[in-house]
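Accompanying notes for the structure given below.
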Amino acid sequence: GDDDQTGLELFNEKGQRIVIPDADRRGLSLGYLLHAKSKGMLARAQRQLLGLNSARAQGSAAAEGGAAGAEPTELTSQPMDDGTPSGTPAEEALLGQAKAAALVDDANDLLEAAHTSFDSVDPKWLELGDNFALVCIDSAWAALLSGLSSSGGVVAPAGAAGTAAGGSGSGGAVAPAFSPTALAIAQVRLARAQRQLTELHGAALEKLQRRAAAGSEEFGQARATYVRLRLLLGVVAFHEGRLPAARQLLHSAQSLCTQLTLTADDDEKVTQLLSLGFTHAEARRSLLVCAKDVNNAATHALASRDEARALREGEAAHRAERSADARLGRTASGRPVSAKALGQLEGLGFDRATALAALKAADNSAEAALVCLTSDERRGKIELQVATAESLAAQTASQFASLVAMGFAKRAVKRAMKRSHGDAERALELLSTEILQPLLPARATARSGGGGGSGGGGGSSGA
């Protein structure tokens, strides 16, 4: 139930750690882990489907060119996304469609399991940030992508609509028809994401804008989330026949997307930041986060460097603390002894060795160890154990030094002492055997060879 078992830590806007019950932390950790795994599958499925769409567009262009008497376009077979050797375009299409469908199905299974895990968590922990909203958006996209993979691509060939309807085949490209089930699932997940984001940022993003005015970069990062949300809401609205709502949502997504793209008009701003010593990546990222305001971007880039430096220093200190804990040994339950708790007990005036033994006995609880150390009877027992251990350690060190002085290698002595459980005489016997062992087989072989020669001579004489 400790933090190391889940690896999930949450912090508020002031950088203070949020204490979450173990059961909720496990539910959050499992849900976010499953979500992370599903994202890779969805990305691969997207590449498969985009490849299919490109191949179909190429085939459509070749067909139109042939009908017009133009030279047909040569269709080239490209290797599949996973390196599978390519066949004919038709075989590739079938194989790609099957692979995409399998990936989407697996991703949907993972996302369903993630939502099941989140259902076991107190809702107040899901509302701390936008992470759960991102899971809902990806779940909606996976539901829609499932419909695309089953229909075989994003855009049907030109004329498909007219042909399917029994017409002349001049209807042009058509969008795929999502199943009612996929649209319903996507709508529910997107509505849940929208509710959470509205609670976090305000209906008109007023909460987010106030935090941005206070120096937070959250506003810049959130725009990409809103692009995806409004784009998918627009797609669902379009396929449900709500055209005015779809037009408004898609226009809003396009407007936000424009804000997230640097154009040639922004090159001068990038150059100004480069002249201040920032890298190209820092300049571009800060401009996008700060709505292309150069002054705010420069401030943001400096703050990001300071945050990154502080994070590295914090991680280094954490690693050093864990390393120090590992050197102190483990408690009866197997947990590393806390160097911080040991320092607290030493600060109260207790001997280091005695405090260390008390912490091990108290399973790393500084409070329980303090109770033991302030009890004369318990402390006496601990001090006796420490004295005995120190005596044995000194004796073992002396025996180790004696064996090394005899000419044995330190590594061999250490191995022999471990095998003999600290018995110096037994360790000496093991070390001697290791030295003599290579010589014994050679002598036995020599004796065996001599006997055979004698027997052979006797045989010859008998002849």
Which ones in the stretch 251-278 are of a type in the set (V, I, T) and at pLDDT 90 or above? V270, T271
I need the full set of residues from the stretch 193-208 which are assigned to a helix (DSSP H, G or I) and either of a type in the set (A, V, I, L, M) or touching a helix residue (DSSP H, G or I) at 6+ places or on another chain (Cβ under 8 Å) (or both), in order please. A193, Q194, Q196, L197, L200, H201, K207, L208
Is it true that some residue in the stretch 230-250 is outside any loop (DSSP other than H, G, I, E, B), at pLDDT below 90 and either β-branched (V, I, T) or surrounded by fewer than 17 Cβ atoms within 10 Å (Cβ to Cβ) (or both)? no
Condition check for A310: of a type in the set (A, V, I, L, M) and under 28 Å from the mean Cα position of the chain (by Cα): yes
Given the stretch 284-391, what helices (runs of 4 or more DSSP H) lie entirely inside it while holding 1 or more residues that are among the acidic types (D, E) and surrounded by 12 or more Cβ atoms within 10 Å (Cβ to Cβ)? 294-327, 339-347
Look through the stretch 418-427, keep the residues that are open to solvent by 20 Å² or more (accessible area, probe 1.4 Å) and outside any loop (DSSP other than H, G, I, E, B), and return whichever of them is nearest to A394 (Cα to Cα). A424
Picked from the stretch 396-415 (must be open to solvent by 100 Å² or more (accessible area, probe 1.4 Å) and assigned to a helix (DSSP H, G or I)), the residue nearest to L430 (Cα to Cα) is R415
Give the residues of the stretch 133-153 that are modelled with pLDDT of 85 or more and either within 23 Å of A102 (Cβ to Cβ) or open to solvent by 10 Å² or more (accessible area, probe 1.4 Å) (or both), sorted by residue number. L134, V135, I137, D138, S139, A140, W141, A142, A143, L144
In the stretch 349-367, what residues are farther than 11 Å from V337 by Cβ and more than 37 Å from the chain's Cα centre (by Cα)? G349, F350, D351, R352, A353, T354
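The values are calculated or read from the model by the stated rules, or taken from the named source; none is laboratory data. From a predicted model like this one, the values you see are computed outputs, not experimental measurements. Note: ideal-geometry Cβ built from the backbone for every residue, glycine included; neighbour counts use all protein chains shown. Protein only, heavy atoms only, side chains kept; ligands, DNA and RNA dropped before computing areas. Shrake-Rupley method; radii C 1.70, N 1.55, O 1.52, S 1.80 Å.
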